[in-house]
1. Output the residues belonging to region 32-65 that are surrounded by fewer than 10 Cβ atoms within 10 Å (Cβ to Cβ) and in contact with a Leu (Cβ under 8 Å, 6 or more places away or on another chain).
2. Are there any pairs, at least 6 apart or on different chains, whose C-beta atoms fall under 9 Å, with the first in region 41-69 and touching a residue at least 40 places away in the same chain (Cβ under 8 Å) and in a helix (DSSP H, G or I) and the second hydroxyl-bearing (Ser, Thr, Tyr) and surrounded by 16 or more Cβ atoms within 10 Å (Cβ to Cβ), and if so, which?
3. Taking Leu46, is it modelled with pLDDT of 95 or more, in contact with a helix residue (DSSP H, G or I) (Cβ under 6 Å, 6 or more places away or on another chain) and of a type in the set (A, V, I, L, M)?
4. Just give me the residues in region 23-40 being touching a Lys or Arg at 6+ places or on another chain (Cβ under 9 Å) and in a helix (DSSP H, G or I), in sequence order.
Amino acid sequence: MNISEQIRMLCACQGISQAELARLTGQSPQNFSSKLKRESFTVHDLEEMAAAVGAEFEHHFVLESGERI
């Protein structure tokens, strides 16, 4: 699942539209939609989205040993 699909699922689970999530994160719905199409969100963008809906965004690398960094 790509990040755009995850963001769409986040909106569905939270019962908000993508436009509302855009506004909650200080973006225009048009800009947000363009980022969704291009998959061009930064880690900071994703953290802001999570915070805006009371969730957490986790990002890490998982090594072959299972260690997360």
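The values are calculated or read from the model by the stated rules, or taken from the named source; none is laboratory data. Since the model is a prediction, treat every value here as computed from it, not as a measurement. All Cβ positions, even for glycine, are placed from backbone atoms using ideal geometry, and neighbour counts span all protein chains on display.
1. Selection gives His59 alone.
2. Within 9 Å, the pairs are Met49/Thr25.
3. Values: modelled with pLDDT of 95 or more: yes; in contact with a helix residue (DSSP H, G or I) (Cβ under 6 Å, 6 or more places away or on another chain): no; of a type in the set (A, V, I, L, M): yes.
Taking the combined requirement at face value, the residue does not satisfy it.
4. So the first thing to find is which residues in region 23-40 are touching a Lys or Arg at 6+ places or on another chain (Cβ under 9 Å), and the list is 27, 29, 32, 36.
Across region 23-40, the qualifying residues are Pro29, Phe32, Leu36.
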